[in-house]
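Visitor: Please find one structure pasted underneath; my questions will follow.
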Amino acid sequence: MNPDPDTNYPPLLEFRNVTIIKGGKSVLDNISVTIHQGEHIAILGPNGAGKSSFIKTINREYYPAVQDENGLIFRMRGRDVWNVWDLRALFGIVSNDLLFTFTRDISGRDVVLSGFFSSVGLFRHEVTASMEEKTDEILDFLEIDHLQQRPMTSLSSGEARRFLIGRALVHDPRTLILDEPTNSLDLHSLHTFRSMLRKIARSGTGIILVTHNIHDIIPEIRRVILMKDGRFWKDGPKTRILTDENLTELFRVPLSVLKEGGYYYATGY
């Protein structure tokens, strides 16, 4: 679906017939998907569709229910078993839960450095010269070096998210996963965020964008999965998936889709 997904390796992620049950309720219902290294994908759906549960399944917070003879496959890079710490080299994840966790008196620079230790703050961890150098590179790349000494509590939502993305990038993950990344952003912050995300996508890092906002989908994303009721409903090129009919049914409200400058917008509601 993307110009150059890397198919020389086993799929980055391969799920077949994965069901997740929480509190006696199925939050993911028999989902199947294959994602290759280098793909840029958007997962679009309303609140409650199961998008966040899918992310928690990727990072192994959730594990699939084992059902006899259902052909369950739950692999990453061809492996069924992973040390959770090793997954950091595959996926960098930025969620709203993480933003809440880091809304405290920690400098932006220390937030990025904490990614090396998977900690909240540095505490007594030993920061090496190579870690400092890598952090400088990331801050420059994300254009937030001028904000690095400010505490997270003094930053806007957009600025804070950029530091969390920097934290996720310290291990050079194959793919960056973003969960509803533009919640609470004003128009200027949205413009800045989308520009930064496009820069990351062009650098070679894969993007999995999980959102309920169609205008979050940057032009570099060519594959879109529509999700509802815990299932992947439709999956394909965004030119075929992002239609009036599909989005009207997905969100249960009459919608018209407009395209401008490589972005899609929903109107009519």
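The values are calculated or read from the model by the stated rules, or taken from the named source; none is laboratory data. Bear in mind the structure is a predicted one, so any value in this text is a computation, not a measurement. Cβ placement follows ideal geometry from the backbone for every residue including glycine, while neighbour counts extend to all protein chains displayed.
Visitor: So in the range 71-81, with the set limited to residues that are part of a loop (DSSP other than H, G, I, E, B) and surrounded by 14 or more Cβ atoms within 10 Å (Cβ to Cβ), which one is farthest from the chain's Cα centre (by Cα)?
Guide: Top of the filtered list is 72.
Visitor: All but one of (1) of a type outside the set (Phe, Trp, Tyr); (2) modelled with pLDDT under 95; (3) in contact with a Phe, Trp or Tyr (Cβ under 9 Å, 6 or more places away or on another chain); (4) buried (at least 16 other Cβ atoms within 10 Å of the Cβ) hold for residue 11; which doesn't?
Guide: (3)
Visitor: Please work out which one of (1) surrounded by fewer than 19 Cβ atoms within 10 Å (Cβ to Cβ); (2) part of a loop (DSSP other than H, G, I, E, B) is the condition residue 239 fails and give its number.
Guide: Every condition holds for residue 239 apart from (2).
Visitor: Restricting attention to the range 221-251, which residues are in contact (Cβ under 8 Å) with a residue 24 or more places away in the chain and more than 24 Å from residue 39 (Cβ to Cβ)?
Guide: Once the filter is applied, which keeps residues that are in contact (Cβ under 8 Å) with a residue 24 or more places away in the chain and more than 24 Å from residue 39 (Cβ to Cβ), the range 221-251 yields 229, 251.
Visitor: Mind checking which residues of the range 98-137 are closer than 14 Å to residue 169 by Cβ and of a type in the set (A, V, I, L, M)?
Guide: 98, 111, 112, 113, 131
Visitor: Which of the following residues is at pLDDT below 85, surrounded by 12 or more Cβ atoms within 10 Å (Cβ to Cβ) and either out of contact with any strand residue (DSSP E or B) (no Cβ under 9 Å at 6 or more places or on another chain) or assigned to a loop (DSSP other than H, G, I, E, B) (or both): 49, 65?
Guide: Answer to the check: 65.
Visitor: Inspect the range 120-133 for any residue being modelled with pLDDT of 95 or more and surrounded by 19 or more Cβ atoms within 10 Å (Cβ to Cβ) and give the result as yes or no.
Guide: No, because not a single residue in the range 120-133 is modelled with pLDDT of 95 or more and surrounded by 19 or more Cβ atoms within 10 Å (Cβ to Cβ).
Visitor: Here is a check on your reading of the model: is residue 58 β-branched (Val, Ile, Thr) and at pLDDT 90 or above?
Guide: Details: β-branched (Val, Ile, Thr): yes; at pLDDT 90 or above: no.
No.
Visitor: Follow-up question, since we're still on this one. Examine the range 216-228 for a residue that is out of contact with any Cys (no Cβ under 8 Å at 6 or more places or on another chain), closer than 21 Å to residue 198 by Cα and loosely packed, with under 14 Cβ neighbours inside 10 Å, and state whether such a residue exists.
Guide: Scanning the range 216-228 turns up no residue that is out of contact with any Cys (no Cβ under 8 Å at 6 or more places or on another chain), closer than 21 Å to residue 198 by Cα and loosely packed, with under 14 Cβ neighbours inside 10 Å.
Visitor: So, one more: So is residue 262 surrounded by 18 or more Cβ atoms within 10 Å (Cβ to Cβ) and in contact (Cβ under 8 Å) with a residue 24 or more places away in the chain or not?
Guide: Judged against the criteria, residue 262 is not a match.
Visitor: Considering only residues that are at pLDDT below 85 and among the basic types (Lys, Arg), look in the range 68-85 and name the one that is farthest from residue 14 (Cα to Cα).
Guide: The qualifying residue farthest from residue 14 (Cα to Cα) is 79.
Visitor: Can you report the number of residues in the range 187-211 which are in contact with a helix residue (DSSP H, G or I) (Cβ under 8 Å, 6 or more places away or on another chain) and charged (D, E, K, R)?
Guide: Residues in the range 187-211 being in contact with a helix residue (DSSP H, G or I) (Cβ under 8 Å, 6 or more places away or on another chain) and charged (D, E, K, R): 2 in total.
Visitor: Are there any pairs with C-beta distances below 7 angstrom linking a residue in the range 86-100 that is hydroxyl-bearing (Ser, Thr, Tyr) and modelled with pLDDT of 85 or more to a residue that is surrounded by 18 or more Cβ atoms within 10 Å (Cβ to Cβ) and in a strand (DSSP E or B), with the two at least 6 apart or on different chains, and if so which?
Guide: Listed pairs, sorted by first residue: 95/179.
Visitor: Let me ask something additional. Against the conditions (1) touching a strand residue (DSSP E or B) at 6+ places or on another chain (Cβ under 7 Å); (2) of a type in the set (A, V, I, L, M); (3) modelled with pLDDT of 95 or more, where does residue 218 fall short? Just the number, please.
Guide: (1)
Visitor: Among all residue pairs at least 6 apart or on different chains, which show Cβ distances below 6 Å where the first residue, located in the range 55-72, is of a type in the set (Lys, Arg) and the second is at pLDDT below 70?
Guide: These pairs meet every condition: 60/84.
Visitor: I'm trying to understand the selection: among the residues of the range 230-262, which are closer than 30 Å to residue 22 by Cα and among the basic types (Lys, Arg)?
Guide: Those that are closer than 30 Å to residue 22 by Cα and among the basic types (Lys, Arg): 231, 234, 252.
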